[in-house]
Amino acid sequence: GVILGSFQDCGPLEDVYAIVKEAFRQSAVPILAGFDLGHGANNLTVPVGLQAAMDTKDGSLRFQESATSESL
């Protein structure tokens, strides 16, 4: 899937979302928008390479495994 973070100085969000929707128009890839990711003031850390599940109905992202080791 595709997760869109926050956008700054990119024009109206509706325009940004329209561009992304058009880019993935022929794909069945789910798209979630409005996450506090990216280069803005609110920037959550998201681990790369973990299995995750996206739910487009409730707009959630759930990681299926831990990002840290249980033992050091």
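Things worth noting here:
- Footprinting exposure proxy for Ser6, Ser69, Ser60 (fewest neighbouring C-beta atoms within 10 Å first): Ser69, Ser60, Ser6
- Where trypsin sites (Lys or Arg not before Pro) fall in DSSP loop in the chain, at most 12 other Cβ within 10 Å: Arg25, Lys57
- Computed over the stretch 1-69: relative contact order in percent, which uses C-alpha pairs under 8 Å that are six or more apart: 32
- Build a GNM of the chain with springs between Cα atoms under 10 Å apart, and of Gly34, Gly59, Gly49 the one that fluctuates most is Gly49.
- Neighbour-limited loop hits for GluC sites (Glu not before Pro), the stretch 11-72 (at most 14 other Cβ within 10 Å; DSSP other than H, G, I, E, B): Glu65, Glu70
- Potential lengthening of the chain between Lys57 and Arg25 amounts to 9.6 nm, from the contour at 0.36 nm per residue minus the alpha-carbon distance.
- For the chain, the dipole from Cβ point charges (+1 on Lys and Arg, -1 on Asp and Glu) about the Cα centre works out to 180 debye, to the nearest 20.
- With Cα atoms, 0 to 90° folded angle of helix 13-23 axis to the chain main axis: 80
Throughout, read-outs are computed from the coordinates displayed, never taken from laboratory work. Bear in mind the structure is a predicted one, so any value in this text is a computation, not a measurement. Glycine also receives a Cβ, built like all others from the backbone with ideal geometry; neighbour counts cover every protein chain displayed.
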